[in-house]
Amino acid sequence: MKSPVTRFKHGALKPALMSLFAITFFTSSAKAQGSFDPSSAWQELENVITTQYAYLDRHNVDVHKLIAEYQARAKSVKTHAEFTDIGQQFLRHFYDPHLNMGPYNELDYSVFPTGSDINASYIDGHFVIQDIKANSAADAAGLRPGYKIISIDGLSAQQAIEKVFGQQLAQLTKEQINYGLNISLGGLRNATRNISVEYDGQMKSIALAATYDAINSLNNGPVISFENFEGIGYVRFNNALGNQKTVTMFQQALITLKDTDALIIDLRNTPSGGNTGVAEPILGHFVTSKKVYQLYQVQESGTPYINATRQQAHVTPSQPHYDKPYVVLAGHWTGSMGEGMTIGLDAIGATTVIGAPMADLLGGIKTVQLQESNNWLELGFERLYHVNGTYREDFVPHQRVNPADRDKNGNDPALRFAKQYLKRLLNAQ
């Protein structure tokens, strides 16, 4: 079997801090399509997952049983497309948005959480909306927390989840069910969606635009937005943590807001992540000396991750320095580098973090080119930690506001809470 080709997504930057969202395609010397061998292709995929995935032991998953079942399925396929579908179903059982396999086609699901605007959970036998992404198609359509999901694109909610995994609902854990529910609500890539909901005994069918439409529209707008709320500064990141312009625009925002009494940093719209080349200079505005903002762990040859050396990531000062109280907003669409910035700001001095649980994209990632199948595999190869030693994905806001983006009346609950919190703080000084 040929050796897979590995490509790291961080170039010359520190590998542990990278959480890039862009998928990179590579040329390969893989076998021609006509000689595709599913057995060899599966063996290569299994080997990479079991030896290089940093979070194999972090899930409530019987890995050996799962591998045996999907190995049998993969070896029986006839085409490369069928193998890709089986591989994707297998990987979804780890409910890690950073764990993906392509190439994608138009019959694949939108990438989660970028292609997501509804957050829902399985509660007491029902599929219930928990939050709606601000300024999304779901938001514009009036969907709200508390609505029950009845059907998704012609399938019952249960059938839609089972399609995501190729498994019966009874075979799935609650974490897997929730993950599959949210993937299915995002719909297929670039496709419109039809969702039926029930609320207060009333049934309603809603047609929604493709989830990517709202994200793509951000490309024509500012990378950040900012304003002054009567002495409280506010900066919102518009899913551009991979865009170097964000560094300059944040600096300009701070210059404009330098005379404010406090600051709100809104990271709730960062589902696509970004990179440390953008994140670190921004964090630097809140320190006056070199400071640790994150820990990371890279597997060492022959050493399990749990025993690998834990290393420190540092941030250095940027100008201008902001020395007033500041809080961070995070939520279901705070992803990858957005999560890294959230725990980093918490580590270097944020007054508090406000909002809902984040998207839980695991680790620093790399892309491996699979030679036997000509697929690419994206996976977390580094474990990332808060400076207190806990996993990044275990971090939750200190002030829980859930829903964080939209409440049942369509208002912004986390922002409202942050303003009230800071006003009380400033009045007490």
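The values are calculated or read from the model by the stated rules, or taken from the named source; none is laboratory data. Since the structure is predicted, the reported quantities are computational estimates derived from the model, not experimental observations. Reconstructed Cβ throughout: ideal geometry from the backbone, glycine too, with neighbour counts over all protein chains shown. Heavy atoms of the whole protein, side chains included, go into the accessibility calculation; ligands, DNA and RNA do not. Shrake-Rupley method; radii C 1.70, N 1.55, O 1.52, S 1.80 Å.
On the stretch given as segment 247-262, residues that are within 24 Å of Met337 (Cβ to Cβ) and not in a helix (DSSP H, G or I) total 1. In the set (1) within 30 Å of Asn411 (Cβ to Cβ); (2) of a type in the set (A, V, I, L, M, F, W, C); (3) touching a Pro at 6+ places or on another chain (Cβ under 8 Å), the condition left unmet by Ala157 is number (3).
Residues that are open to solvent by less than 10 Å² (accessible area, probe 1.4 Å): which strands (runs of 3 or more DSSP E) entirely in segment 263-354 hold 3 or more of them? Steps first, answer last, please.
Working: elements: 291-298, 310-315, 326-330.
Here the list reads 291-298, 326-330.
Taking only segment 126-149 into account, find how many residues are within 19 Å of Ile177 (Cα to Cα), open to solvent by 10 Å² or more (accessible area, probe 1.4 Å), not in a loop (DSSP other than H, G, I, E, B) and not aliphatic (A, V, I, L, M). So that I can check it myself, show each step before the final result.
Let us first name the residues in segment 126-149 that are within 19 Å of Ile177 (Cα to Cα), namely 126-132, 145-149.
After this cut, where a residue has to be open to solvent by 10 Å² or more (accessible area, probe 1.4 Å) as well, the list is 126-128, 130, 145-148.
Next cut, not in a loop (DSSP other than H, G, I, E, B) only: 126-128, 130, 148.
Among the residues that remain, those that are also not aliphatic (A, V, I, L, M) are: 126-127, 130, 148.
Adding up the residues that qualify gives 4.
Please state which of the following conditions Asp57 fails to meet, knowing it meets all the rest: (1) among the charged types (D, E, K, R); (2) within 29 Å of Gly335 (Cβ to Cβ); (3) modelled with pLDDT of 95 or more. Here Asp57 clears every test but (3). Among the residues of segment 39-87, those that are within 20 Å of Tyr179 (Cα to Cα), part of a loop (DSSP other than H, G, I, E, B) and charged (D, E, K, R) comprise Asp57, Arg58, Asp62. The single condition among (1) crowded, with 20+ Cβ neighbours inside 10 Å; (2) more than 19 Å from the chain's Cα centre (by Cα); (3) closer than 18 Å to Asp117 by Cα that Ser373 does not meet is (3).
Looking at segment 199-229, which of its residues are closer than 22 Å to Ala120 by Cβ and either of a type in the set (Phe, Trp, Tyr) or surrounded by 14 or more Cβ atoms within 10 Å (Cβ to Cβ) (or both)?
Initially, segment 199-229 is screened for residues closer than 22 Å to Ala120 by Cβ, giving 199-215.
Result: Tyr199, Lys204, Ile206, Leu208, Ala209, Ala210, Thr211, Tyr212, Asp213, Ala214, Ile215.
If you check Thr256, Thr303, Thr309, Thr270 for being modelled with pLDDT under 95 and in contact with a strand residue (DSSP E or B) (Cβ under 8 Å, 6 or more places away or on another chain), only one passes: Thr309. Quick one: would you say Arg189 is within 13 Å of Ile118 (Cβ to Cβ), within 24 Å of the chain's Cα centre (by Cα) and either touching a residue at least 12 places away in the same chain (Cβ under 8 Å) or surrounded by 22 or more Cβ atoms within 10 Å (Cβ to Cβ) (or both)? No. What tally of residues in segment 106-125 results from selecting those that are open to solvent by 40 Å² or more (accessible area, probe 1.4 Å) and part of a strand (DSSP E or B)? So the count comes out to 2.
For residues that are part of a helix (DSSP H, G or I) and open to solvent by 30 Å² or more (accessible area, probe 1.4 Å), scanning just segment 163-177, find the one that is nearest to Leu362 (Cα to Cα). Full working, then the answer.
From segment 163-177, those part of a helix (DSSP H, G or I) are 163-165, 169-171, 174-177; that's our starting set.
Filter once more, so that each one left must be open to solvent by 30 Å² or more (accessible area, probe 1.4 Å): 163, 170-171, 174-175.
Working: Lys163: 24, Ala170: 26, Gln171: 24, Lys174: 18, Glu175: 15 Å.
So, considering only residues that are part of a helix (DSSP H, G or I) and open to solvent by 30 Å² or more (accessible area, probe 1.4 Å), the one nearest to Leu362 (Cα to Cα) is Glu175.
Beta carbons closer than 7 Å, at least 6 apart along the sequence or on distinct chains, pair a first residue in segment 161-183 that is within 14 Å of Ser121 (Cα to Cα) with a second that is at pLDDT below 95 and open to solvent by 30 Å² or more (accessible area, probe 1.4 Å) for Thr173/Asn60; Glu175/Asn60. Given the condition outside any helix (DSSP H, G or I), polar (S, T, N, Q) and in contact (Cβ under 8 Å) with a residue 12 or more places away in the chain, answer yes or no: does some residue in segment 207-225 qualify? Within segment 207-225 (the criterion being outside any helix (DSSP H, G or I), polar (S, T, N, Q) and in contact (Cβ under 8 Å) with a residue 12 or more places away in the chain), the answer is yes, since at least one residue qualifies.
Can you say whether Glu382 is touching a strand residue (DSSP E or B) at 6+ places or on another chain (Cβ under 6 Å), of a type in the set (Asp, Glu) and surrounded by fewer than 24 Cβ atoms within 10 Å (Cβ to Cβ), as far as the supplied structure shows?
no
Checking the stated criteria, Gln159 turns out to be assigned to a helix (DSSP H, G or I) and either basic (Lys, Arg) or surrounded by fewer than 21 Cβ atoms within 10 Å (Cβ to Cβ) (or both).
Residues that are within 25 Å of Asp360 (Cα to Cα) and of a type in the set (Phe, Trp, Tyr) occur in segment 142-150; there is at least one.
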